[in-house]
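Structure first, then comments.
We did not get these values from a lab; they are worked out from the coordinates using the rules stated. All figures in this text were calculated on a predicted structure; none of them were measured in a lab. Here the Cβ positions follow ideal geometry from the backbone for every residue, glycine too, while neighbour counts run over all protein chains shown.
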Amino acid sequence: MLQSRSSYPPQQGAITPSLASSSEKSIPTSLTPSNVRAPVASTRKVTIYDRNLNRRAPELSFAAFAFLFNEIVQYSQKNVKGIQEMETKLSEYGYHVGQRILELIVIREIKNAKRETRVLGLLQFINTSIWKSAFGKPADALEKSKDQEDEYMIIDNDPIVNKFISVPKEMSQLNCAAFQAGIVEAVMDGCQFPARVTAHSVPTDLFPLKTVFLVKLDPIVIERERYMR
Amino acid sequence: MSRTPRQIGEEVWKTRVEKVNAELVTLTYGSVVAQLCKDFGNDYIQVNEQLDKMGYNIGIRLIEDFLARSNTSRCRTFKDAAEIVSKVGFKIFLNITPTVGNWSQDNKQFSLIFDENPLADFVELPDDGKAINELWYSNILCGVLRGALEMVQTQVEAQFVSDVLRGHETTEMRVTLIRILEDEMPVGDD
């Protein structure tokens, strides 16, 4: 069968040595209009872009998320050598999610949508809207660090991702809420407030899973804030 | 007293299940698949296998959760099992009830036809020509079924045969019963 599904520009490696070993015949196709593969989306009757974004988000069981997250943690453990790397990996997963969650939530909030330009406004937006729609409850507190001008802290007494994770003693510095930290980081980057977000556990008697998300803003943001004051 | 699997599923979903935002799960699963594709260098066959393995690990634990929540009795036939899986199992975890159909002659194979798949909401496969032919996006579900059923002494093989993401009409998973496993006593245990 003629391989009519080649990618558009040749430099994307459409006819590469690895493809030649595949079972389909890799007959080089010329990039004339008749041979360029039509995107699959146009042949389907309903594309994903036609679906309504504004319907109230459906719900799934928490167990589904918990199992999936556990698998993520297990899979990440295989390829990393240390706690730092593991937190970075989890943060990457969270980043991927956060980029998309930001878009979704901003679109849905079209009535109250006001693009946040101040740090405090943005952090409050994260605390309430993002936390509420993604994790089901607003974050518990927002604090500004006294010593450092560029550090803020979001406090969550019971991050949902950590609910079914137990960390062995030798890895007690690992906090899987790095996933949530990744989400926050992506949201901040998406709103043009570059920052680094990390998760730290501060267990208390009442809330053994209490986590502080330390938000360290980029110097660019601090300068901008100073300028706007 | 709820009798039919459908009623059991509805009841458990309404009362005994903690809910979470579906989009969080969808996006998390999406980031898993994306990361796997990156890790394996777009070798989608390997991604499928890895998703299946991950699903297997999930399935062997998920069955406990399922039995604890649903409190169903033992299934007498493979047909019963199929009904319970689709009406109660999927309902409890993903709030969907795929239809069971296409039973084979010897009643050892059936299809689960998904009319909606929350894992694949708003997903498009990458445009590189390979993914559309090789990647089964929701392959983790096959692993979950395989793992869960193996823990209840039923060895099955589950594979997707069609997927809306690939341009087909429906998303369909084919489940085949390989054999019923016998409980093996550990050596030296009388």
Original post:
Build a GNM of chain B with springs between Cα atoms under 10 Å: which of B:Pro118, B:Pro98, B:Pro126 gets the top mean-square fluctuation?
Top reply: B:Pro126
Subject >> Per-pair calculated FRET efficiency, R0 = 35 Å: B:Asn102 and A:Asn79 via Cβ, rounded to 0.05 >> reply: 0.35
Subject >> Candidates B:Tyr137, B:Tyr56, B:Tyr29, ranked by Gaussian network fluctuation over chain B, Cα under 10 Å, top entry >> reply: B:Tyr29
**OP:** Rank by packing, highest mean first: peptides B:86-95, B:102-111, with packing defined as the count of other Cβ atoms within 10 Å averaged across residues.
**Re:** B:86-95, B:102-111
Original post:
Which ³J(HN,Hα) values in Hz, rounded to whole numbers, follow from the phi angles of the range A:88-99 under the Karplus curve 6.51 cos²θ - 1.76 cosθ + 1.60, where θ = phi - 60° and Gly and Pro get x?
Top reply: 4, 5, 4, 4, 5, 4, x, 4, 4, 5, x, 4
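Considering every residue in B:31-42, what mean count of other chain Cβ atoms within 10 Å of its Cβ is obtained?
Working: counts 12, 8, 0, 3, 7, 1, 0, 1, 2, 0, 1, 1.
Counting Cβ atoms of other protein chains within 10 Å of each residue's Cβ and averaging gives 3.
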Subject >> lysines whose Cα lies under 20 Å from that of A:Lys144, excluding same-chain neighbours fewer than 8 positions away >> reply: A:Lys210, A:Lys216
Original post:
Relative to the longest principal axis of chain B, what angle (0 to 90°, nearest 10) does the C-alpha long axis of helix B:44-70 take?
Top reply: 30 degrees
**OP:** Determine, from the Cβ-Cβ distance of B:Gln7 and A:Phe207 and an R0 of 51 Å, the FRET efficiency 1/(1 + (r/R0)^6), rounded to the nearest 0.05.
**Re:** 0.85
Original post:
With a sphere of radius 13 Å drawn around the Cβ of B:Asp43, what net charge do the other residues whose Cβ falls strictly inside it have (Lys, Arg +1; Asp, Glu -1)?
Top reply: -2
Original post:
In degrees from 0 to 90, rounded to the nearest 10, what is the angle of the helix B:22-39 Cα long axis to the longest principal axis of chain B?
Top reply: 60 degrees
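With a 10 Å Cβ neighbour count serving as the proxy for reagent exposure, in which order, fewest first, do A:Cys191, B:Cys75 appear? Before the final figure, lay out the partial values.
Details: A:Cys191 19, B:Cys75 16.
Fewest to most other Cβ atoms nearby, the residues stand as B:Cys75, A:Cys191.
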Original post:
Where does chain B land on the Kirkwood hydrodynamic radius, alpha-carbon pairs, in angstrom?
Top reply: 17.5 Å
Subject >> Which listed pairs, of A:Lys163/B:Lys14; B:Lys14/B:Lys108; A:Lys132/B:Lys14; A:Lys78/A:Lys132; B:Lys38/B:Lys91, have C-alpha distances above 25 Å, in listed order >> reply: B:Lys14/B:Lys108; A:Lys78/A:Lys132; B:Lys38/B:Lys91
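Would you list A:Val106, A:Val202 from fewest to most Cβ contacts within 10 Å?
A:Val202, A:Val106
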Original post:
Among all the aspartates and glutamates, which ones have a C-alpha under 15 Å from A:Lys81's C-alpha, if same-chain residues fewer than 8 places away are not counted?
Top reply: A:Glu170
